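Participant: Please see the structure below; I have some questions.
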Amino acid sequence: MPKANLGITVKKEENFSEWYTQVIQKAELADYSSVSGCIVFKPGSYSIWEFIMASVDKKIKKMGVKNAYFPLLIPERLLKKEQAHVAGFSPEVAWVTEAGNSKLDEKLAIRPSSETIMYESYSKWIRSWRDLPLKLNQWNNVVRWEFKHPIPFLRTREFLWNEGHTAFSTKKEAEKEAMDILNMYNKILREDLALYALLGKKTDKEKFAGAEYTLSAELVLPNGKAIQGPDSHHDGQNFAKAFNIKFLNKNEKEEYVFQNTWAITTRVIGIMIAIHGDNKGLVLPPKLTENKIAIIPIIFKKESEKIIKKAKEIEKKLKRFSPILDLREGYSPGWKFNEYEIKGIPLRIELGPKEIKQKQVTLVRRDTNEKLVIKESKLLKKIPEILNNMQKNLYEKSKKLTLSKIVKVKSLEELKKVIKNKKIALAPFCNAIICEDDIKDQTGGAKIINIPFNQPKNIKDICVYCNKKANHIVYIAKSY
């Protein structure tokens, strides 16, 4: 029999945290495990990750990147080689200290990231300019044990990602790739996940540990908090000098390589859930869904055979959309409607005696809940049009949400008010770390999420915190 209380019992706009928890559980995306901060990715969420992986993988291979795999365990001596990296990661590292009943001679870190284990190999593999560029990527998991309040997908101690590690002979090549990678990730956010992102550069305080600078895509959630999406780091020669990654240039002179690192993680699944979902549950962009249609026959005893036969014909006709034909007994049509709404299936086809008689179907869009009556003969033409329209609609809604949250400010008092109202401030800033720290204290935890690439030509304003001349306009928000 159907489970009790299948539907979402709270409103997204009234209790976002509880709404989010109910959606991921009732849409069967994730489950909690016995290890705090580590979740089970159920097939519903993992299929989304598989799509993201395939999309990224296709694009990076066109950019000349090859996949590889390096060990999960990293010796402590390697992690210590790059002090800036260790300073950033040491509070987060989980250590293996014993094997069976024996203590290990050297502690092994469970990778928080793979720079140190990979670059030991890079220093052996790169000898000459002919070995460059070296462009490798890993699809793996990492563990970061730095927080107390995990949130499934958005902030977990173990997560899945790609980590690209590239090496070049010149800074110009490396910096071009760093931007190309960010733009590639943004294209996936925009075209596949239907998400609008704020692109920019992190401040020195917020950049990746060990990087020269970090480029990021920041996203805005309905509760007014920002969250970092995929990013791209230009590491300069920091790791090259720490791991002695040198090459002989064309003039037979020895140089250090220039490097980048970049990643997209399973966090984007949580971001997508939070931005697109509604009070009925999950709303999935059609591009991310394997099953784009649920066919639900409305069966009456006298005409059951006729209705089921027609439903199977439609299922076969729409095979390219991997439709779900729900013929389960003991579940009412209304209960099934509710289930597929919670799971975010893009389109629902309702088929009863009336539809069969008129040679049509009733089609319901998940994004707008709009009902459309379509002739059966027009389905193959109309469905792709509707799915494309849904994809565009979700992106426009994400863009509208983000832009509606951004407020320009020029003073600390204005900044405090905007943050209190759960919005994002666009403010002039002087780039001083001490101001950055004080802003965080004064606003109850808001920080500079990034410096947008599109800057005014002449910034005449003073810093939102101090009286010094501003160097940039920045986004300031509370964040995950």
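Participant: Over 32 Å between Cα atoms, which of 59/103; 207/400; 417/469; 107/343; 61/172 qualify?
Facilitator: Values: 59/103 44 Å; 207/400 28 Å; 417/469 22 Å; 107/343 44 Å; 61/172 21 Å.
Too far apart for the 32 Å limit: 59/103; 107/343.
Participant: Looking at the range 334-441, which GluC sites (Glu not before Pro) are in a loop (DSSP not H, G, I, E or B) and have at most 12 other Cβ atoms within 10 Å?
Facilitator: Values: sites: 339, 341, 350, 355, 370, 376, 385, 396, 413, 414, 436; in loops: 370.
In loop regions of the range 334-441 (DSSP not H, G, I, E or B), the sparsely surrounded GluC sites (Glu not before Pro) are 370.
Participant: Right, another one. Pop out the ³J(HN,Hα) list for the range 287-300 in order, Karplus 6.51 cos²θ - 1.76 cosθ + 1.60 with θ = phi - 60°, rounded to Hz; leave Gly and Pro as x.
Facilitator: 5, 8, 9, 6, 8, 8, 9, 10, 9, 10, x, 9, 9, 10
Participant: Based on the Cα coordinates of the range 342-480, what is the per residue volume of their convex hull in Å³? Show your work: numbers first, answer last.
Facilitator: Numbers: hull volume 19.5 nm³, N = 139.
Here the figure is 141 Å³ per residue.
Participant: Does a label point 7 Å from the Cα of residue 358, set along Cα-to-beta-carbon, have any residues of the range 304-330 with amide nitrogen under 18 Å, and which are they?
Facilitator: 307, 311
Participant: A follow-up question, please. Rg and Dmax of the range 276-364, Cα atoms, in Å?
Facilitator: Over the range 276-364's Cα set, Rg and Dmax evaluate to 13.0, 41 Å.
Participant: Turning to a different aspect of this structure: For the range 178-261, count the residues as N, evaluate 2.2 N^0.38 Å, and divide the Cα radius of gyration by that value, please.
Facilitator: 1.38
Participant: Quick one: which residues, 5+ away or cross-chain, put their amide H under 5 Å from the amide H of residue 107? H built at 1.01 Å from N.
Facilitator: The answer is 76.
Participant: Roughly to the nearest percent, how much of the accessible area of the chain is carbon and sulfur, given a 1.4 Å probe? Numbers along the way, then the final one.
Facilitator: Working: 11530 of 22970 Å².
About 50 percent, which is the carbon plus sulfur part of the accessible surface.
Participant: Between the range 116-148 and the range 177-239, what's the alpha-carbon centroid distance in Å?
Facilitator: A separation of 19 Å, based on Cα centres.
Participant: Using θ = phi - 60° and the Karplus relation 6.51 cos²θ - 1.76 cosθ + 1.60, list the HN-Hα couplings for the range 458-472 in order, rounded to whole Hz, with x at every Gly or Pro.
Facilitator: With the stated coefficients, the range 458-472 comes to 10, 9, 9, 6, 8, 3, 4, 10, 10, 9, 7, 5, 6, 9, 9 Hz.
Participant: To the nearest 20 Debye, how big is the dipole of the range 329-480 about its Cα centre, given +1 on the beta carbon of each Lys and Arg and -1 on that of each Asp and Glu?
Facilitator: So the magnitude is around 500 debye.
Participant: Classify the range 167-217 as rounded, prolate or oblate from the Cα gyration tensor: take a ≥ b ≥ c as the square roots of its eigenvalues, call it rounded if a/c is under 1.5, otherwise prolate when a/b beats b/c and oblate if not. Intermediate values should be presented prior to the final figure.
Facilitator: Values: a/c = 3.11, a/b = 1.42, b/c = 2.19.
Oblate is the answer for the range 167-217, as a/c is 1.5 or above yet b/c matches or exceeds a/b.
Participant: Thinking of the range 117-182 as a set of Cα atoms, what percent of all their pairs are more than 15 Å apart? Mind dumping the intermediate values first?
Facilitator: On the way: 1381 of 2145 pairs.
Within the range 117-182, distances greater than 15 Å cover 64 percent of Cα pairs.
Participant: Right, here's the next one. Taking each pair of different alpha-carbon atoms in the range 12-129 once, compute 1/r for the pair, average those values, and report the inverse of that mean as the Kirkwood hydrodynamic radius in Å to one decimal. Let's see the in-between values first.
Facilitator: Details: mean 1/r = 0.0549 Å⁻¹.
Answer for the range 12-129: a Kirkwood hydrodynamic radius of 18.2 Å.
Participant: Could you tell me which of rounded, prolate or oblate describes the range 406-480, using a ≥ b ≥ c as the square roots of the eigenvalues of the alpha-carbon gyration tensor, with rounded for a/c under 1.5 and, failing that, prolate when a/b is larger than b/c and oblate otherwise? Mind showing how you got there, number by number?
Facilitator: Values: a/c = 1.57, a/b = 1.34, b/c = 1.17.
Taking the square roots of the gyration eigenvalues as a ≥ b ≥ c, the range 406-480 is prolate.
Participant: Please identify every one of the trypsin sites (Lys or Arg not before Pro) in the range 323-399 that sits in a loop by DSSP and has no more than 15 other beta carbons within 10 Å of its own beta carbon.
Facilitator: Numbers: sites: 328, 336, 343, 348, 354, 357, 359, 365, 366, 371, 375, 378, 381, 382, 392, 397, 399; in loops: 328, 343, 359, 366.
Counting only loop positions with at most 15 other Cβ atoms within 10 Å, the trypsin sites (Lys or Arg not before Pro) in the range 323-399 are 328, 359.
Participant: When DSSP beta bridges are limited to those with both residues in the range 49-176, what percentage is antiparallel, rounded to the nearest 5?
Facilitator: On the way: 19 of 21 bridges.
So the antiparallel bridges in the range 49-176 amount to around 90 percent.
Participant: On to the next question. For the chain, report the accessible area per residue in Å² (1.4 Å probe, heavy atoms, rounded to an integer).
Facilitator: 48
Participant: For a quick check of understanding: with a 1.4 angstrom probe and all protein chains in place, what accessible area in square angstrom does residue 53 have, to the nearest ten?
Facilitator: Accessible area, nearest 10 Å²: 40 Å².
Participant: Taking amide H positions as placed 1.01 Å from N in the peptide plane, with prolines and chain starts having none, which residues 5 or more places from residue 217, or on another chain, fall under 5 Å of its amide H?
Facilitator: 229
Participant: Further question: Shape verdict for the range 198-247, please, from the Cα gyration tensor: rounded (a/c under 1.5), prolate (a/b greater than b/c) or oblate.
Facilitator: Values: a/c = 3.83, a/b = 3.29, b/c = 1.16.
Prolate shape, in that a/c is at least 1.5 and a/b is the bigger ratio.
Participant: Can you give me the long-range amide H partners of residue 294? Hydrogens built in the peptide plane at 1.01 Å from N, cutoff under 5 Å, separation of 5 or more residues or another chain.
Facilitator: Long-range HN contacts for residue 294: 324, 347, 348, 349.
Participant: Another question, if that's okay. For the range 13-54, state which GluC sites (Glu not before Pro) are in a DSSP loop and have at most 16 other beta carbons lying within 10 Å of their beta carbon.
Facilitator: On the way: sites: 13, 14, 18, 28, 50; in loops: 13, 14, 28.
Counting only loop positions with at most 16 other Cβ atoms within 10 Å, the GluC sites (Glu not before Pro) in the range 13-54 are 13, 14, 28.
Participant: Still on this structure, please answer the following. Largest first and to the nearest Å, give the Cα extent of the chain along each principal axis.
Facilitator: 85, 55, 50
Participant: Return the calculated 222 nm mean residue ellipticity for the chain, to the nearest 500 deg cm²/dmol, obtained by summing -39500 (n - 2.57) across DSSP H runs with n ≥ 4 and dividing by the residue count. Don't skip to the answer; put the middle values down first.
Facilitator: Values: 14 runs with 165 residues, N = 480.
Here the helix-only value at 222 nm equals -10500 deg cm²/dmol.
Participant: Can I ask one more? Positive end of the charge dipole of the chain (Lys, Arg +1 and Asp, Glu -1 on Cβ, about the Cα centre): tell me which of 334, 73, 7 has its Cα farthest that way.
Facilitator: Going by the charge dipole, the pick is 334.
The values are calculated or read from the model by the stated rules, or taken from the named source; none is laboratory data. As the structure is a computational prediction, the values presented were derived from the model and not from experiment. As a convention, Cβ positions derive from the backbone with ideal geometry for all residues, glycine included, and neighbour counts pool all protein chains shown. Note: accessible area is taken over every heavy atom of the protein model, side chains too, but ligands, DNA and RNA are not part of it. Shrake-Rupley method; radii C 1.70, N 1.55, O 1.52, S 1.80 Å.
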